[in-house]
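To keep things clear, I will list the structure first and then write my remarks on it.
Computed from the coordinates by the stated procedures, all read-outs in this text should not be read as laboratory data. If you're wondering where the values come from, they're calculated on a predicted model, not measured in any experiment. Positions of Cβ are generated from backbone atoms using ideal geometry, with glycine treated the same way; all protein chains shown enter the neighbour counts.
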Amino acid sequence: MLDKISPEENVLRLEIIALEKKIELMQQLASTSGFFEYYFKLISKKPNRREAFESANETYFELFKKYRYSNYDTFRQVISANYKKTKTK
């Protein structure tokens, strides 16, 4: 016989799933490479790179209550420096 799930249990399960997704996103955005990966995924979904950055940075703010990068130009400098590092290896 199958046990019925109460509405309260179902709500709790859905909340757990949402929290697990939030934790996964936080773990990704916590690293520089994870933030870059998230940003590059957003590029195809946004009208331009600046808006992709702003969306990623706002998501970071919503999760961590601070911005990862102060502005788009700072972010571009970090990307450029990382690209140069990987090119010289």
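Remarks
- Matching residues in segment 14-60 - criterion: being exposed (fewer than 11 other Cβ atoms within 10 Å of the Cβ) and either assigned to a helix (DSSP H, G or I) or touching a residue at least 40 places away in the same chain (Cβ under 8 Å) (or both): Leu14, Glu15, Ile16, Ile17, Ala18, Leu19, Glu20, Lys21, Glu24, Gln27, Ser33
- Restricting segment 62-89 to residues that are surrounded by 12 or more Cβ atoms within 10 Å (Cβ to Cβ) and of a type in the set (A, V, I, L, M, F, W, C), the residue that is nearest to the chain's Cα centre (by Cα) is Leu63.
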